[in-house]
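Down below is the structure, laid out as structure tokens.
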Amino acid sequence: FRRVLFRSAQCVFLPFLLPPTNVFAATHPRIQSLRSPTQKMSKSAPHASSKILLTDTPEEIHNKIKTALTDSISGVTWDPVNRPGVAGLLEIYSGYSGEDVETIAARFAGERGIRDLKESCAGVVEGALRSFREEYGRIRKEDEYLKERELDGARRAREVAQQTMREVRAVVGTD
């Protein structure tokens, strides 16, 4: 939508508009839901077990990954089309560990593969989110700091918005 709007306005206000910022593709741009592996993981999903939140406790992360929907085929293989649940776990694991999904799949190819993959994936995710969660918990306790940040952010946003509106009015000719 942003690009369409920009191109439409570009005809009228060409010299005054900046092009949209570049979008960088993530290594795993679409992480699948833990409950419905053919759907994207979304914080607005109704089922709490379908998503991992940055603020989830280690126990919540382990339980969500442990109950993630996979299939009944033993072992782990990288097959996003036929095994979307397993592929989703492999992508999550890869995203947090930096390892290639096929390397991870090969490591868990045995009889207990899916169970071991889930356990190891939960550990990797929990470890990766630990420092964020600790810092978040620390900051949440600092009411004065949070209030100060809120007021400062509102002031800066107001200044930027006022400057932007002055520029828009000058370009449109309503100043």
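Search the structure for amide H atoms under 5 Å from the amide H of Asp71, placed 1.01 Å from N in the peptide plane, and list their residues when 5 or more places away or on another chain.
Under 5 Å from the amide H of Asp71 lie the amide H atoms of Val86, each far enough along the sequence or on another chain.
Which sequence of Asp116, Asp143, Asp56 reflects their accessible areas, 1.4 Å probe, from the largest down?
Details: Asp116 60, Asp143 110, Asp56 10 Å².
Largest accessible area first, the residues go Asp143, Asp116, Asp56.
Per-residue HN-Hα couplings for segment 152-167, Karplus 6.51 cos²θ - 1.76 cosθ + 1.60 at θ = phi - 60°, whole Hz, x for Gly and Pro?
5, x, 5, 4, 5, 5, 4, 4, 5, 5, 5, 5, 4, 5, 4, 5
Quote to one decimal, in nm, the extra length available between Asn63 and Val160 on full extension: 0.36 nm per residue of separation minus the C-alpha distance between them. Numbers along the way, then the final one.
Numbers: separation 97, 0.36 × 97 = 34.92 nm, distance 4.37 nm.
Roughly 30.5 nm would be gained on extension.
Kindly provide the trypsin sites (Lys or Arg not before Pro) of segment 26-67 that DSSP labels as loop, not H, G, I, E or B, and whose Cβ sees at most 12 other Cβ atoms within 10 Å.
Arg30, Lys43
Could you calculate, for segment 29-103, the ratio of the Cα radius of gyration to the Kirkwood radius, expressed as Rg to Rh? Please list the in-between numbers first.
Details: Rg = 11.9 Å, Rh = 12.6 Å.
Rg/Rh: 0.94.
Under the rule of at least 5 residues apart or a separate chain, name every residue whose amide H is placed under 5 Å from the amide H of Ser33.
Gln39, Lys40, Met41
The values are calculated or read from the model by the stated rules, or taken from the named source; none is laboratory data. As the structure is a computational prediction, the values presented were derived from the model and not from experiment. All Cβ positions, glycine included, derive from the backbone under ideal geometry; neighbour counts span all protein chains shown. We work out accessible area using only protein heavy atoms, side chains counted, and drop any ligands, DNA or RNA first. Shrake-Rupley method; radii C 1.70, N 1.55, O 1.52, S 1.80 Å.
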